[in-house]
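The values are calculated or read from the model by the stated rules, or taken from the named source; none is laboratory data. Because the structure is a prediction, the values reported are computed rather than measured. Note that each Cβ is placed from the backbone with ideal geometry, even for glycine, and that neighbours are counted across all protein chains shown. The protein model used for the area step is the full one, side chains on, heavy atoms only, and it has no ligands, DNA or RNA in it. Shrake-Rupley method; radii C 1.70, N 1.55, O 1.52, S 1.80 Å.
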Amino acid sequence: MSVRIKPIIDHKCYEVNGNTVFKDENGFWKNKDNLSFQEIVAFVQYLITVISNPQFKKHTQAEYRSL
């Protein structure tokens, strides 16, 4: 299964396989629909490598593939 992550608003809102993940007013990441385990793992990897990295000025679309 592949997981696509697409930025909507950098540091605030992202689309994970068509599901919206957003940061609430308390700084927690939330979503309206339940994500699968693979989608959660992929988003956490994206969070660590892209969102939390100050060297990235503009966030890009990413695709994670499981073996």
Inset, instruction - Please state which one of S66, S52 is of a type outside the set (A, V, I, L, M, F, W, C), open to solvent by 40 Å² or more (accessible area, probe 1.4 Å) and touching a residue at least 60 places away in the same chain (Cβ under 8 Å). - result: S66
Legend entry - Tally of residues being surrounded by 13 or more Cβ atoms within 10 Å (Cβ to Cβ) and more than 17 Å from F56 (Cβ to Cβ) across the range 8-20: 5
Inset, instruction - State yes or no: is F37 open to solvent by 70 Å² or more (accessible area, probe 1.4 Å) and without any contact (Cβ under 8 Å) to a residue 40 or more places away in the chain? - result: yes
Legend entry - Number of the exception - K57 against (1) without any contact (Cβ under 8 Å) to a residue 12 or more places away in the chain; (2) surrounded by 10 or more Cβ atoms within 10 Å (Cβ to Cβ): (2)
Legend entry - Scan of the range 20-61 for residues that are out of contact with any helix residue (DSSP H, G or I) (no Cβ under 6 Å at 6 or more places or on another chain), of a type outside the set (G, A, S), more than 20 Å from S2 (Cα to Cα) and in a loop (DSSP other than H, G, I, E, B), ordered by number: D24, E25, N26, F28, K32, N53, P54, Q55, K57, K58
